[in-house]
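I have placed the structure first, in the form of structure tokens, so that the comments after it can refer back to it.
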């Protein structure tokens, strides 16, 4: 599983760059997906912190329950891949 995660974190951003070079509209899709992911990711984080403060249960272990939320993991994973995609585009643009 660790190897799979490592390979996908390297392959998916490269695949995104290739798709973006082939079809320019995919770049808009990637940006929109990142915008929506960041909103969802941020709101899930804010709600979790709000619940902890409201319940006055400020223990480090309580906040870690957020990692059990599959939507949090999915959106966070996409944002990580998207960040690598943007960095690759920046490096590619510098070479020209």
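Go through [x] 7.8; [y] 5.6; [z] 6.7 and flag the label whose value is the computed mean projected area of the Cα convex hull in nm² for this structure.
[x]
In nanometres, what is the gap between the two model label sites at residue 5 and residue 49, each 7 Å from Cα along Cα-to-Cβ?
2.4
So if each residue of separation counts as 0.36 nm, and I subtract the Cα-Cα distance between residue 22 and residue 73, what length gain in nm does that give? Present the calculation step by step, with values, prior to reporting the outcome.
Working: separation 51, 0.36 × 51 = 18.36 nm, distance 2.90 nm.
Full extension from residue 22 to residue 73 adds 15.5 nm.
On a 0 to 90 degree scale, rounded to 10, what angle separates helix 25-54 from the longest Cα axis of the chain?
Taking Cα atoms only, the helix is inclined about 10 degrees.
Only Cα pairs under 8 Å and at least 6 apart count here; give the relative contact order of the stretch 2-95 as a rounded whole percent.
Across the stretch 2-95, relative contact order equals 43 percent.
Since every read-out is calculated from the coordinates, none of them should be taken as a lab result. Just so we're clear, the structure is a prediction, and the values are computed from it rather than from any experiment. All Cβ positions, even for glycine, are placed from backbone atoms using ideal geometry, and neighbour counts span all protein chains on display.
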